[in-house]
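Structure, as structure tokens:
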Amino acid sequence: MTIEPAPGGSKTVYARFGVWYDEGQRMIHMTVPGSGWFHTTVSNEPGSRRYHPNLFAKLRRLLEQEGRWPSE
């Protein structure tokens, strides 16, 4: 699994995430490869249980900067 503790004994951990946008679902997916349990989604649709506009915008920016956001 790609999770490791931060140096110095803090309560922080560093995790390697996979992030992608699913056009059909209109959601951003996040997963920790190899965890076997960490897979979640973020929506930009008001009313969705997964609605989180701030996190969606930041993840979208990340995907756009890396050329992984679909052209509109």
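Figures for the structure shown
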{"quantity": "Scope region 1-43; condition in contact with a helix residue (DSSP H, G or I) (Cβ under 9 Å, 6 or more places away or on another chain), within 20 Å of Q65 (Cβ to Cβ) and without any contact (Cβ under 8 Å) to a residue 40 or more places away in the chain; matching residues", "calculated": "M27, I28, M30, V42"}
{"quantity": "Residues being surrounded by 11 or more Cβ atoms within 10 Å (Cβ to Cβ), modelled with pLDDT of 95 or more and either aliphatic (A, V, I, L, M) or out of contact with any strand residue (DSSP E or B) (no Cβ under 9 Å at 6 or more places or on another chain) (or both) - total across region 11-43", "calculated": "5"}
{"quantity": "Failed item in (1) within 20 Å of P70 (Cβ to Cβ); (2) exposed (fewer than 11 other Cβ atoms within 10 Å of the Cβ), with P46 passing the rest", "calculated": "(1)"}
{"quantity": "Subset of region 27-47 (residues that are of a type outside the set (S, T, Y) and out of contact with any Ser or Thr (no Cβ under 7 Å at 6 or more places or on another chain))", "calculated": "G36, W37, V42, N44, E45, P46, G47"}
{"quantity": "Considering residues of region 53-72 that are surrounded by 13 or more Cβ atoms within 10 Å (Cβ to Cβ) and closer than 15 Å to Q25 by Cβ only, the residue farthest from the chain's Cα centre (by Cα)", "calculated": "W69"}
{"quantity": "Selection status of R60, at pLDDT 95 or above and in contact with a Ser or Thr (Cβ under 9 Å, 6 or more places away or on another chain)", "calculated": "no"}
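The values are calculated or read from the model by the stated rules, or taken from the named source; none is laboratory data. In this text the structure is predicted, and so the values were computed from the model without any measurement. Reconstructed Cβ throughout: ideal geometry from the backbone, glycine too, with neighbour counts over all protein chains shown.
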